[in-house]
1. Is there a residue being under 30 Å from residue 70 (Cβ atoms) and of a type outside the set (Gly, Ala, Ser) anywhere in the range 298-319?
2. For the range 209-224, enumerate the residues that are of a type in the set (Phe, Trp, Tyr), at pLDDT below 95 and surrounded by 19 or more Cβ atoms within 10 Å (Cβ to Cβ).
3. List the pairs whose first member sits in the range 188-212 and is closer than 21 Å to residue 125 by Cα, whose second member is in a loop (DSSP other than H, G, I, E, B), and whose Cβ atoms are under 7 Å apart, counting only residues at least 6 apart or on separate chains?
4. Sort out which residues of the range 316-339 are in contact with a Ser or Thr (Cβ under 7 Å, 6 or more places away or on another chain) and surrounded by 20 or more Cβ atoms within 10 Å (Cβ to Cβ), and write them in order of number.
5. The conditions are (1) surrounded by fewer than 19 Cβ atoms within 10 Å (Cβ to Cβ); (2) under 28 Å from residue 262 (Cα atoms), and residue 251 fails exactly one of them. Which is it?
6. Given the condition in a helix (DSSP H, G or I), crowded, with 20+ Cβ neighbours inside 10 Å, among the polar types (S, T, N, Q) and in contact with a helix residue (DSSP H, G or I) (Cβ under 6 Å, 6 or more places away or on another chain), answer yes or no: does some residue in the range 151-162 qualify?
7. Looking only at the range 85-103, which residues are of a type in the set (Ser, Thr, Tyr) and not in a helix (DSSP H, G or I)?
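The values are calculated or read from the model by the stated rules, or taken from the named source; none is laboratory data. Fair warning: this is a prediction, and the values are worked out from it, not measured in the lab. All Cβ positions, glycine included, derive from the backbone under ideal geometry; neighbour counts span all protein chains shown.
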Amino acid sequence: MEAGESGGTRGDVERAVPEEPTYVHGGTPKAGPATAQETRTRVGRGRREGGERAMVPRARPTSYYGRPVVKPPVWTWEIPTYFFTGGLGGASATFALAAELTGNRELARRSWLIAFGGLAVSPLLLVSDLGKALRFLNMLRVFKVTSPMSVGSWLLTIGGVLTAPAVASSFLGRAVPGARATRFVAGILGLPIATYTAVLVSNTAVPVWSEARWELPLSFAASAAASAGAAATLATPRELAGPARRLAIGGAVVESAVTEIMDRRLGELGEPYREGTSGKLADAAKGLTIVGAALIAAGARRSRPVVAAGAVALLAGSVCERWAVFKAGFASAEDPKYTVGPQRERMADR
């Protein structure tokens, strides 16, 4: 059988392409259909497999009229402040219980006071953001295990209530009814109180938060520990504040390491942590954390003012870190490339 009898050769197919131009709406002529050679060239340009080099630069992902794919958060300044105060209060409660169990009652007494202050101001910040106290109370109408917001609201409320007897007992110098039991419960709840806000933001659709769901809780926990140690270092005499200094330094080291790991793993998706306002805040947090830990370590046995300066720097670094995470979420939600880009990559991998 000849080649022409089986449907024609490749040259015959190319010659069979009609020569007249085609038209788009409105009668405007456009180029005729591509030849087989042109088609093969275009396909070759679009391929990324087999080691072939893409000839067309990668397009920037866009959305409908450039509008955000993900709705940005509606939170105000109270929320990142609450991230800090809630973390400080929760970590201080756990640290106060540990100090009390090891016999350092003066350190425990001052840490309980810090814990109570952090946990008492946190609901006020939430109510200010919500606009009405009734909205916060409505979150306590049900307890939903699958909702980080519901679980966190209950943890914050119970933790604040149970911390009060421990503070009263410590300052009165005598046992308050039920204080011994509430100390243990408040201390145990301290750690989830310090970290649930990270779980909350990781459960949203904001790319830079949801993709960092493994690192953010650990970063928040380490930052809360560093701030709790720094606050206790400021509030406690130097000879009794050794455990607080070690907690502050250890928390700062872990926070710096986890933040660096998160930044490298996110890659292009983590650009909001390196650019704009959030990038400046992240850089400030890193610098203040490193400097604060170094000053506390250097002045531990020599200079109280140096240690105090280090503690203040650590607290400021923790505040900047919370604000950096907060601002990065807005930048990530507003730019479509952080939502569309990872989706396309996952589809290509599949």
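1. Yes - at least one qualifying residue is present in the range 298-319.
2. Hit for the range 209-224 is 209, nothing else.
3. Listed pairs, sorted by first residue: 202/212; 202/213.
4. If we filter the range 316-339 for residues that are in contact with a Ser or Thr (Cβ under 7 Å, 6 or more places away or on another chain), which is where we start, we get 317-318, 321, 324, 327-328, 331, 336, 338.
Selection gives 317, 318, 321, 324, 327, 328, 331, 338.
5. (1)
6. Checking the range 151-162: not a single residue is in a helix (DSSP H, G or I), crowded, with 20+ Cβ neighbours inside 10 Å, among the polar types (S, T, N, Q) and in contact with a helix residue (DSSP H, G or I) (Cβ under 6 Å, 6 or more places away or on another chain).
7. Just the residues of the range 85-103 that are of a type in the set (Ser, Thr, Tyr), to begin with: 85, 92, 94, 102.
Selection gives 102 alone.
For every residue, the table says whether it meets (1) loosely packed, with under 13 Cβ neighbours inside 10 Å; (2) at pLDDT 90 or above; (3) hydroxyl-bearing (Ser, Thr, Tyr).
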site: 64; (1), (2), (3): yes, no, yes
site: 69; (1), (2), (3): no, no, no
site: 74; (1), (2), (3): yes, no, no
site: 91; (1), (2), (3): no, yes, no
site: 97; (1), (2), (3): no, yes, no
